[in-house]
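The values are calculated or read from the model by the stated rules, or taken from the named source; none is laboratory data. If you're wondering where the values come from, they're calculated on a predicted model, not measured in any experiment. Glycine also receives a Cβ, built like all others from the backbone with ideal geometry; neighbour counts cover every protein chain displayed. What goes into the accessible areas is simple: the full protein's heavy atoms, side chains included, and nothing from ligands, DNA or RNA. Shrake-Rupley method; radii C 1.70, N 1.55, O 1.52, S 1.80 Å.
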Amino acid sequence: MALSDFLPDDWRDATLLGRIDFGDGPTPVLVRGGRIEDVSKIAPTTSDLMNAFAPGAAIPAGEDLGPLEALDVRAVWENPEGAAAKLLAPVDLQVLKAAGVTFAVSTLERVIEERARGDAAEALKIRAQLGERMGGDLRSVDPGSEGAARLKDALISDGLWSQYLEVAIGPDAEIFTKGPTLSSMGWGDHVGVRNDSHWNNPEPEVVLLCDGSGQIRGASLGNDVNLRDFEGRSALLLSKAKDNNASCAIGPFFRLFDDGFGLDDVRSAEVTLKITGRDNFVLDGHSNMSLISRDPAVLAGQAFGKQHQYPDGFALFLGTMFAPIQDRDAAGQGFTHKIGDRVRVATPKLGVLENEVTTCDLAPPWTFGVSALIRNLAGRGLL
């Protein structure tokens, strides 16, 4: 399996930012003109690289490591111990942020989770009730507008209002911290769900890369793994539903904005999802970014500004319209992950992010934190 099979269709014309461990620690790399460049001597981290060069500025050439096709990286389901390198998540010091409830379909699913209290069977009944009462469509509502306020009043009077609807059509987006710095998994690695969760799913998303001044510099693919039963019991359990070992994946690379790729490509992206289980279960889904309720630039603007800064930059998950309701086992029980599920998130201009599901306790423990990164970079003479 060649890494190039997982890159954007036009990857030879793209500028890709990533991180690779060649055996001595994380190394920031650029892929340009089909070749890999080690840029660690220009900037020791991807965060530093984005802060060192303004948008559109030319980044000097790094050490040429050869054609990308010659790079030997392997996924966990292959034979990774024999590989010459490991592809890491393309973020390091950036904060991992996420925007929630940004699509009408996922908004209704969050309302259903809240009312079902984590019961998948009860969710089936509530979904039908909401569809009948509301028509199941919030796409025409402009968040924060007078029309949204009138709809809120009507839903309150009908007893249908929810805290999820507040962030979906109110003035303030839901922006939360997905996980600690350096905790994200990369392409070909495991993603984890808690072993005490019985209702969970992947969330295929586009992820923005923003520098320390809040400017959007590029985009990648992400899997914002979600535990529907935990969050459904209480929104105050969001951290347990979202922030767990191996519960976040980004990759394979960030595609940097240039003349051939920009924010309009993000706005029009069609993100597909394919889940293949060891039990021969197959689920296909998609998320069309043109249906997002808040523009990606607006979401990035709500994450960063006078009220909050991220000097090392941040990665921002933009949310998903994908909410799997296809039954996997018993009728009415909906979808949930099983160990060994292969999750494939894709869109032509960003490539393919593929991971294999395990439980958080069985995934390798996270041991390489910020202090370990600093010691590693210093030991390699990069600081």
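Some observations on this one:
- Residue check for G144: open to solvent by less than 30 Å² (accessible area, probe 1.4 Å), out of contact with any Phe, Trp or Tyr (no Cβ under 8 Å at 6 or more places or on another chain), modelled with pLDDT under 90 and over 15 Å from N226 (Cα atoms): no
- Residue match in segment 116-134 (condition: polar (S, T, N, Q), over 28 Å from the mean Cα position of the chain (by Cα) and either modelled with pLDDT under 95 or surrounded by fewer than 18 Cβ atoms within 10 Å (Cβ to Cβ) (or both)): yes
- Of all the listed residues (I374, I275), the sole one being part of a helix (DSSP H, G or I), of a type in the set (V, I, T) and either open to solvent by less than 20 Å² (accessible area, probe 1.4 Å) or modelled with pLDDT of 95 or more (or both) is I374.
- Wholly within segment 185-268, strands (runs of 3 or more DSSP E) carrying at least 1 residues that are of a type in the set (G, A, S) and open to solvent by less than 10 Å² (accessible area, probe 1.4 Å): 190-193, 216-224, 248-256
- Residue within segment 80-100 that is at pLDDT below 95 and closer than 30 Å to D229 by Cα present: yes
- Within segment 285-305, considering residues that are open to solvent by 30 Å² or more (accessible area, probe 1.4 Å) and among the aliphatic types (A, V, I, L, M), the one modelled with the highest pLDDT: A297
- One residue alone among G340, G332, G381 is open to solvent by less than 20 Å² (accessible area, probe 1.4 Å), on the phi > 0 side of the Ramachandran plot and at pLDDT 95 or above, and that residue is G340.
- Residue list for segment 176-202, restricted to those being among the polar types (S, T, N, Q) and out of contact with any helix residue (DSSP H, G or I) (no Cβ under 8 Å at 6 or more places or on another chain): T177, S183, S184, N195
- Subset of segment 147-170 (residues that are open to solvent by less than 50 Å² (accessible area, probe 1.4 Å), part of a loop (DSSP other than H, G, I, E, B) and either of a type in the set (A, V, I, L, M, F, W, C) or at pLDDT 80 or above (or both)): L160
- Test result for T347, modelled with pLDDT under 95, within 23 Å of V271 (Cα to Cα), in contact with a strand residue (DSSP E or B) (Cβ under 8 Å, 6 or more places away or on another chain) and of a type in the set (V, I, T): no
- Put simply, of Q309, Q326 the only residue that is modelled with pLDDT under 95 and open to solvent by 60 Å² or more (accessible area, probe 1.4 Å) is Q326.
- Yes/no for A173 being in contact with an Asp or Glu (Cβ under 6 Å, 6 or more places away or on another chain), aliphatic (A, V, I, L, M) and at pLDDT 80 or above: no
- Enumeration of residues in segment 14-69 that are within 24 Å of the chain's Cα centre (by Cα) and of a type in the set (D, E): D21, D48
- Selection status of P80, within 30 Å of D341 (Cβ to Cβ) and either aromatic (F, W, Y) or surrounded by fewer than 16 Cβ atoms within 10 Å (Cβ to Cβ) (or both): yes
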